[in-house]
Amino acid sequence: MKAVVIDVLLGLALLAAWLGCFGFLRLRTALDRLHCVTFIAAGAGLPIVVAAFVADGGSDRAFKILLLAVVQLAAGAALAHAVGRALLLRPAAEDRLE
Amino acid sequence: MSDWLAVVLALLPPLAVPVWIAASGRTADRLVAMQLASTLTGLIMVLMSFAFDLPSLIDLSLTLAFLSLPGALLLAQFLERWL
């Protein structure tokens with residue numbers, strides 16, 4: 001039963017990663033592509049955290065993976081904001097120079 | 001081959017996408033591709049920790065996550081001002 005649950009969770013994470021990368025290829029602008037990064041961090045990260053807790057129980061490794069997922073989501077939000085701002089300001093600066 | 005290792009191998013083709021974009025895309029796309037590659041690499045290292053039964057790999061993954069934040073912020077600043 002435990003192995004089946006882990007397999008399903010890993011399958012979900014894999015599906016999210018493939019979907020995110022497919023979207024990354026399909027979307028044209030860098031701003032659109034930022035959404036794919038967040039999608040993978042949330043869609044693949046959370047099932048892996050749950051799979052780690054199912055496999056390991058409340059071990060140090062499982063809690064570190066939980067910390068990793070939280071850091072990736074929090075840092076991802078900050079980075080998406082910073083990168084999005086940079087991408088928006090850059091064309092504006094180029095327009096002013098012309 | 002364990003399930004964890006199979007998922008690690010299955011995540012390598014998605015990792016090739018940001019690597020390819022980072023090598024050949026426009027500057028803005030390269031920055032976003034670097035973020036995606038960093039996220040995917042962190043997840044792959046977590047899975048490798050279970051596949052090879054190496055708990056210390058999680059520390060490496062955490063280090064990557066913590067270091068990618070200031071690195072990407074600096075690159076975003078460079079992109080905004082100078083690149």
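Per-residue answers, yes or no, for (1) within 18 Å of A:L66 (Cβ to Cβ); (2) surrounded by fewer than 20 Cβ atoms within 10 Å (Cβ to Cβ); (3) more than 9 Å from every other protein chain (Cβ to nearest Cβ):
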{"position": "B:V17", "(1), (2), (3)": "no, no, no"}
{"position": "B:A23", "(1), (2), (3)": "no, yes, yes"}
{"position": "B:L54", "(1), (2), (3)": "no, yes, yes"}
{"position": "B:I58", "(1), (2), (3)": "yes, no, no"}
{"position": "B:L62", "(1), (2), (3)": "yes, yes, no"}
{"position": "B:A65", "(1), (2), (3)": "yes, no, no"}
{"position": "B:L69", "(1), (2), (3)": "yes, yes, no"}
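Restricting attention to segment A:1-14, report how many residues are free of Cβ contacts under 8 Å to residues at least 12 places away in the same chain and part of a helix (DSSP H, G or I).
Selection size over segment A:1-14: 5.
Kindly indicate whether any position in segment B:34-42 is more than 16 Å from A:D60 (Cβ to Cβ), more than 8 Å from chain A (Cβ to nearest Cβ) and buried (at least 22 other Cβ atoms within 10 Å of the Cβ).
yes
Just need a number here: residues in segment A:48-57 that are in contact (Cβ under 8 Å) with a residue 12 or more places away in the chain, more than 14 Å from B:T41 (Cα to Cα) and facing chain B (nearest Cβ under 10 Å).
Qualifying residue count for the region: 4.
Have a look at A:G45, A:G20 and point out the one that is at the interface with another protein chain (Cβ under 7 Å from one of its Cβ atoms), within 14 Å of the chain's Cα centre (by Cα), closer than 15 Å to B:L11 by Cβ and not charged (D, E, K, R).
From the options A:G45, A:G20, the qualifying one is A:G45.
Of the conditions (1) of a type in the set (S, T, N, Q); (2) surrounded by fewer than 21 Cβ atoms within 10 Å (Cβ to Cβ); (3) modelled with pLDDT of 90 or more, B:T27 clears all except one; give me its number.
So B:T27 meets the others, but not (3).
Among the residues of segment A:23-42, which ones are of a type in the set (D, E, K, R) and either facing chain B (nearest Cβ under 7 Å) or in a helix (DSSP H, G or I) (or both)?
Once the filter is applied, which keeps residues that are of a type in the set (D, E, K, R) and either facing chain B (nearest Cβ under 7 Å) or in a helix (DSSP H, G or I) (or both), segment A:23-42 yields A:R26, A:D32, A:R33.
The values are calculated or read from the model by the stated rules, or taken from the named source; none is laboratory data. Bear in mind that the values here come from a model prediction, so they are computed numbers and not experimental data. Positions of Cβ are generated from backbone atoms using ideal geometry, with glycine treated the same way; all protein chains shown enter the neighbour counts.
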